[in-house]
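> Structure below; questions to follow.
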Amino acid sequence: MFNKIIKSFKYGSYKISIEIGEIARQATSSVLVSIEDTVILATVVSCKDPTSTYNFFPLTVDYIEKAYAAGRIPGSFFKREGKPSERETIISRLIDRPIRPLFPEGYLNEIQIVVYVLSVNPQIDPDIASIIGVSTALSISELPFLGPLGVAKVGYIDGKYILNPTTEQLKKSHLDLLVAGTEKAIITVESESKQLPEDIILNAIIFGHEKMKIAINAINELVQNVGQKKVNWDPIVKDKTLISKIINISEHKIRKAYQIKNKQIRDLTFKNISKDIYSSLIDNENLTIDINDINCILYDLESKIIRKQILDKGLRIDNRGVNDIRPISIRTGILPRTHGSSLFTRGDTQALVVATLGTSRDEQKIDALMGEFTDSFMLHYNMPPFATGDIGRIGVPKRREIGHGRLAKRALLPVLPNNNKFNYSIRLVSEITESNGSSSMASVCGGCLALLDAGVPISEHVAGIAMGLIKDGEKVVILSDILGDEDRCGDMDFKVAGTVNGITALQMDIKIFGITYDIIQIALYKAKKGLSYILEKMKTEVPKCKNELSKFAPRLITIKIDPSKIRDVIGKGGSTIRTLTEETGTQIDINDEGIITIASFNSVSGQEAKRRIEKLTESVQIGKVYTGIVLRLFDFGAIIRILSGKDGLLHISQISSKRVNIITDFLKENQKVRVKVLGIDDRGRIKLSMIY
């Protein structure tokens, strides 16, 4: 019934199995990939005919984690998987970015790729298996995919590179880098690192690219055995006469428009050129044509003009040199009631970043497939339509917004203080108020400045820069701090974030078939110079974090108590801690190790709560004098409460140096008395003597 084929190979310390022919046979192609106990199903479905209404490649990638993969039932009201999580969105993008450039230009057949995570080993992330599965499914299909695509994850522990590290190994690693590419070239890089120098990052990329050829060779062997013949296809033929006519009408206008330095005026000029051509062709020549077709032709023309100017003359749209950074403006503390804020402007790109400090109760609780955890650092990126002068819908974050926020978060994580030094939850929100290239890197710069303004003691300043590439044969020009049009018409978007000590995050996307190690090396070198310039500007404006937190930020006081005394603070049914929080107006959190965090909005309340907790949990010390209260009187002595929950016996013989016959002659119930602790016996009973 099934024509099942299995290909297995060793990849790092794991065995990978690729299985074809049993599951999802009605898809264009499907593949089951297993790495130890992590199993994914990758499926590809393609339309047979191109869709002429698209002026872009209609590729959709959906990575979906199934709760049953971890032996769990979803926690939602409906008890089924809901909207994609942030992680699912990130991995969907991670799969999409390296495969998209491997389809030929002009291919417009709609393709949907769906990846299901069917089983998961908590130590093995499904991301590597997913990309290998998609690469295999596309390679054995009839689609004109220019793969196979390989992928490798690289860690760096004790000066050594680790191929495809486990989840536990990544906790010790100074690097978490994923590189994808073909046998001959690199296409994407994504990494988070702890301020590593450029040469270590470059060698990690080379290491991963060399190792991924193991997976590429395995996929090639499968293609030889079961691969389908690639379909013959032709791009949708456009009317060459019409194209020539539009170019003749518009070329000089576009060249003139690119001399306009103001982005808003330049964009409006391009729109008017398109409208004028459309009206001219409709009214004067009675042609039937869609304005989208005109825009596609004009886009190709714009791209050629921009690229030729840069390659031949080194001339950029805004007259900068290829290594120049746009003018930078920095303001901090611009929002009076927030805990920290900054406005970072670089050319026509601007990020308003706001920092908010919270307590442990504000940590984000994440119900992830590979285990639940809490996150005390959140970074959210928003780009409304007005940032580019457009009108559009505002709603849930799009994939791009989630991806950019994740990249900026990765860049800042390595410099954050640990919880022992700064026990706050932190939320950064980057509102992109203007956009013309690399708003994610503006979010990194603005995020760093907002943290400093909030008084967060980060270890170093962090900046970010986007590098571009224009390549035509042997001609190569690398651009620093690219504009939106240079990104749109260029061949690379290489985002680099770091400190003076090294790189903290990377993200590289290639729009051509791939690039060489030399290009990456030069881009990293130029990025380092650009980062140094930006960091100097940031340090000049904001040399260090504020000495004091905003008066609107909560104050945190942390104390450590004996875990056995936690019950004394909580009280029966929570009565003691409830009374404490209500009377002092504070928020009190206790963990199992006896660490108590007191949050308050004024120092007086916090100190009062601390004093009362210390009194509740104070240990009795032999030889110390206490002021206690007489609880009960007996013929043989009195019970004195010297501390909360701590009572001692004042024997009648210890009340006075003279003989005491009637105790009520010396003591009354509820009377305050000074007593000294004589000792504590093996059963914990406290012996007291009277002090006058």
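> Rank these by accessible area, largest first, 1.4 Å probe: Y692, Y11.
My answer, sorted largest first, is Y692, Y11.
> Whenever you get a sec, compute what percent of the accessible area on the chain sits on carbon and sulfur atoms (1.4 Å probe).
Percent of accessible area from carbon and sulfur atoms in the chain: 50.
> Here is a follow-up. Would you mind calculating the gained length between Q224 and T241 on full extension (0.36 nm times residue separation, minus the Cα-Cα distance), in nm to one decimal?
1.8 nm
> Sort 675-688, 584-597 for me by packing, meaning the mean count of neighbouring Cβ atoms within 10 Å per residue, highest on top.
584-597, 675-688
> Cα extents of the chain along the three principal axes, largest first, in whole Å?
Projected onto the principal axes, the Cα atoms of the chain cover 124, 65, 48 Å.
> Reachable lysines from K668, Cα under 24 Å, same-chain residues fewer than 8 places away excluded?
List returned: K624, K646, K658, K676, K687.
> Using all alpha carbons of the stretch 325-365, what is the percent of pairwise distances in each 5 Å bin, ordered from the shortest bin to the longest?
In whole percents, the pair-distance histogram is 6, 21, 22, 16, 13, 11, 7, 4, 0.
> A follow-up question, please. What do you get when you divide the Cα radius of gyration of the stretch 1-133 by 2.2 N^0.38 Å, with N the number of residues?
1.14
> What is the extension gain from L413 to K275, computed as 0.36 nm multiplied by their sequence separation minus the C-alpha to C-alpha distance, in nm to one decimal?
45.0 nm
> Give me the number: length gained by fully extending I73 to S644, i.e. 0.36 nm times residue separation minus the C-alpha to C-alpha distance, one decimal in nm.
Separation in residues times 0.36 nm, less the Cα-Cα distance, equals 201.0 nm.
> May I ask you to list the GluC sites (Glu not before Pro) in the stretch 467-541 that are in a DSSP loop and have at most 16 other Cβ atoms within 10 Å of their Cβ?
Within the stretch 467-541, the qualifying GluC sites (Glu not before Pro) (loop, at most 16 other Cβ atoms within 10 Å) are E474.
> To continue, here is another question. Angle, helix 517-541 long axis vs. longest principal axis of the chain, Cα atoms, 0 to 90°, nearest 10?
Compared with the principal axis, the helix lies near 50 degrees.
> Rolling a 1.4 Å sphere over the protein heavy atoms, what is the accessible area per residue of the stretch 240-311, to the nearest Å²?
Result: 58 Å² per residue.
> Suppose we look only past 16 Å in the calculated P(r) of the stretch 61-143. What percent of the Cα-Cα pairs does that tail hold?
So the portion of pairs separated by more than 16 Å is 57 percent.
> So if I average 1/r over every pair of distinct C-alpha atoms in the stretch 595-692 and take the inverse, what Kirkwood radius in Å does that give?
About 14.8 Å for the stretch 595-692.
> Which value, in Å², gives the accessible area per residue of the stretch 62-109 when a 1.4 Å probe is used on the protein heavy atoms?
54 Å²
> Keeping every protein chain present and rolling a 1.4 Å probe, give me the accessible area per residue for the stretch 500-608 in Å².
Accessible area per residue: 54 Å².
> Any idea how far apart N262 and T167 come out in nm if each label point goes 7 Å out from Cα toward Cβ?
Calculated label separation equals 5.5 nm.
> Given labels modelled 7 Å from the Cα in the Cβ direction, how far is it in nm from C296 to E536?
Result: 4.8 nm between the two label points.
> Right, here's the next one. Under 18 Å Cα-Cα from K475, which aspartates and glutamates qualify once same-chain neighbours fewer than 8 residues away are excluded?
Within the straight-line limit of under 18 Å, K475 reaches these aspartates and glutamates: D312, E486, D487, D491, D493, D518.
> Greater than 29 Å separation of Cα atoms is the criterion. Which listed pairs, K171/K421; K213/K529; K544/K565; K153/K529, meet it?
Beyond 29 Å: K213/K529; K544/K565.
> Excluding ligands and nucleic acids, what accessible area in Å² is computed for V476 using a 1.4 Å probe, to the nearest 10?
Approximately 60 Å² for this residue.
> Straight-line reach from K230: which lysines have Cα under 20 Å away, leaving out those fewer than 8 places along the same chain?
K48
> Percent relative contact order of the chain, based on C-alpha pairs within less than 8 angstrom and at least six residues apart?
10 percent
> Highest first, please rank the peptides 131-137, 345-351 by the mean number of other Cβ atoms sitting within 10 Å of their residues.
Top to bottom by mean Cβ count within 10 Å: 131-137, 345-351.
> Using only the alpha-carbon atoms of the stretch 262-388, report the extent along each of the three principal axes, biggest first, to the nearest angstrom.
Per principal axis, max minus min of the Cα coordinates gives 68, 38, 32 Å.
> Run the count for the stretch 263-376, please: Lys pairs, Cα-Cα under 26 angstrom, 8 or more apart or on different chains.
10
The values are calculated or read from the model by the stated rules, or taken from the named source; none is laboratory data. A quick note: this is a predicted structure, and the numbers were derived from the prediction, not measured. Don't worry about glycine lacking a Cβ; one is built from the backbone with ideal geometry, like all the others, and counts go over all protein chains shown. These accessible areas exclude ligands, DNA and RNA; they are computed on the full protein's heavy atoms, side chains included. Shrake-Rupley method; radii C 1.70, N 1.55, O 1.52, S 1.80 Å.
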